[in-house]
1. Find out how many positive minus negative residues lie around PRO174, taking Lys and Arg as positive, Asp and Glu as negative, among other residues whose Cβ is under 15 Å from that of PRO174.
2. Once amide H atoms are placed 1.01 Å from N in the peptide plane, what residues at a sequence separation of 5 or more from HIS342, or on another chain, have their amide H within under 5 Å of its amide H?
3. How big is D, in µm² s⁻¹, for the range 517-571 by Stokes-Einstein at 37 °C and 0.692 mPa s if Rh is the Kirkwood radius over C-alpha pairs?
4. Over all pairs of distinct alpha carbons, what does the Kirkwood formula give as the hydrodynamic radius of the range 491-626, in Å?
5. If you count, for each residue, the other Cβ atoms within 10 Å and average over each peptide, how do 213-221, 347-355 line up from highest to lowest?
6. Over the range 122-231, what number does the Rg to Rh ratio reach, with both radii from the alpha-carbon atoms and Rh per Kirkwood?
7. Express in % the proportion of alpha carbon pairs of the range 468-561 at distances exceeding 22 Å.
8. Using a Förster distance of 22 Å, how high is the FRET efficiency between ASN127 and SER237, based on the Cβ-Cβ distance and rounded to 0.05?
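Nothing in this text is a laboratory measurement; each read-out follows from the coordinates by a stated rule. Keep in mind that this is a model prediction, so the values were computed, not measured. So basically every Cβ, Gly included, is an ideal-geometry build from the backbone, and we count neighbours across all protein chains shown.
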Amino acid sequence: MIRLLQNCNKYVQNKKSNLTHWHPVLGWFSQKTYTSLHESMPYVVRQLQLLWSDRMIRVMFSVLLEYIEISQVPEKEQQAPPKVKGLIKKALGRSSGKLASGQKIKLESGLAFSTCLPCCLYEQAINTLTQLKMDILGGLAYNETLLPILWRFLCDLGPHCGLKTFLELLGEAPNSTIDPIFSLLSLFCETASHMITTLDDLEMLEQQKVFSVADYVKMSEFLNLFVFKVIWNGLISIDYALNCHAFTASLTLLMILHERDSRHSFTPTNHWLIREVKPSTFMSELEKEKVTALFLLQKVPHIIPFSERVIIFRKNVIREKEALDLTESACSSLQTSRFCIHNITIHRSRIIEDGYRQLAQLPSRALKGCIRVKFINEMGLDEAGIDQDGVFKEFLEETITKVFDPNKNLFKVTSEQKLYPSSTSHVQEGHLALVEFVGKMLGKAVYEGIVVDVPFASFFLTQILGHLQSATYSSLDELPSLDADLAKSLTYIKHYDGDVSDLELTFSCDEDILGQIVTHELVPGGKAIQVTNENKIRYVHLMAHFRMYRQIREQTLAFVRGFKSVVNAEWLSMFSSPELQKLISGDSDSLDIEDLRRHTHYHGGYHNNHKVINWLWDIVANDFNMEEKGLFLKFVTSCSKPPLLGFAHMEPPFSIRCVEVSDDQDTGDTVGSILKGFFSIKRKDAGGRLPTSSTCFNLLKLPNYSKKSILRDKLRYAIYSHSGFEIS
């Protein structure tokens, strides 16, 4: 049967040409089919479907089923060996040789042979009967027997699911996956991928259908090591890997599990890191542009720590600036500065309008260069500070604060206060161009390493990364990040035990647009198609896809187009959705007050050992809770989270300056302010004033308080009263 399918596949491949005909089972090839053949195809398909029916699967894997049944008998009952006839007796007898620790099945045993052979058959059927691939995968994946017994076989093959066995086979014959055990691995991974993609969180993590959470942890550990080792050790070449079914199927299942874990963690801390290779070694290989390291970074970036990937990202930015001649030295040179510096003038009352008018049409190279901002105040007068980088940071923060305000209707917020594009943004004239400009500004912030407090919904981050078209993506899995109530409703429909048609649903969706109800069809003619038990799974996935993608497709494409015009899409592929959010907004889990103090600059008479400074750091470190620490950082820098690589990389550096009670508005560090600070630091009573800040310079202006308790109260009041970017 296997040879018949192989020859059939070979025949179809040889017959492919520019002039091809479609075959309802084999796909496209040049042999013309007759009309009568098409008429008989439904009967042929029904006969073929018997091959992956439950009865046939049980016959094919009868030896494995019997082995599992015997191995589950308690040891006391196994004192007298059971009388086993036929092939299972041979299988168990041949596998009774010396086994490795933790190994229960020997690769040379009859049990292994009788299990791997039907896997070869099914794998060949999937490759040959291309038009029935989804039918075959569905029949195998949703069979209650197959996946659990194949998983049991892999577990009994040895530690880490027989990883040593697979590596030894490839070590003896690199690039060769001809051994039937690789067919078993391919079939398991492909069918498990098909099944897991359709599971919602309730089924996967709470009901634990088919596999337990512990199984997923063990499975992902094996796949992670397998994919890494075969590439890192040169057992499968890069050229062969992408055409190797065992490798691609393993990689696909691995990434499905990783993405599910990224959204809803079920693995231990640092589970995905490869401990056998030091990050410094891997980074060294990347610096040497070794093909294996580059391939692994592209396919499985999670194997190295997030912080290391951020370093790679920053190095990529630096290299690109050097290649485009946009470095700081080039910008300061009289000969090249006119090519890499772009000056803009912004009126305080028209920040978005002026920014859009002067920056929206700039080419990508200009946006990646230095942008100098000159502000015009409310009185129409120039503000000082055109040559200071902090002014551009202020412009960027002000722009982002205003454009992401939900009242502008360019973006909406979820119940968890997460942002995503508004489906009704069209009420704004030129809304798509404006959304694209927003993408460019946020891309510029990420490119320059400026963290901004912009929390995006998880599903939107996934679309920025381009994972939506991936085989590992499930719309239903991410729907709760947009609308938890709708997700619950669709899950209810999916698991509804009665007749779904009683709910009187159709393949359509109503939307309230400015008081007018507009009906959208999920499929052509959807308003007339009733949801039934037979099509309810399709309905829930189409509804989730519509709400998260189709409804905001144009806005999302515009934003992503703008964002990726500044940030290289290949660099973003190193990160998962939660990691991209950290790249944009920093990581609140890593707020290190000691690191902040080490990299703080002091002005106006303050220094690291000054009494008021010691009070300040003691209050922030010991008296403030985590929320207040974030508010303190946001009060000074406009973002509650630190730079990803620590405060040594904050630009401009975090600074504290002593201010006189009557000189609260002084924003510069002039000689006069410093002298006034020295002479007045012990004479002025600052008890009646609050600390203030200049977020564009990351500057805290701190009066010289006479008591620690006063400083604590004033600082706490100031950070809670600060009117920064808030979503209401």
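1. Net of charged neighbours comes to -3.
2. CYS370, ILE371, ARG372
3. For these conditions, the coefficient is 242 µm²/s.
4. 20.8 Å
5. Going from most to least packed, we get 213-221, 347-355.
6. Taking Rg over the Kirkwood Rh, I get 0.98.
7. On the way: 1356 of 4371 pairs.
Here the tail beyond 22 Å accounts for 31 percent of pairs.
8. The pair ASN127/SER237 has a calculated efficiency of 0.55.
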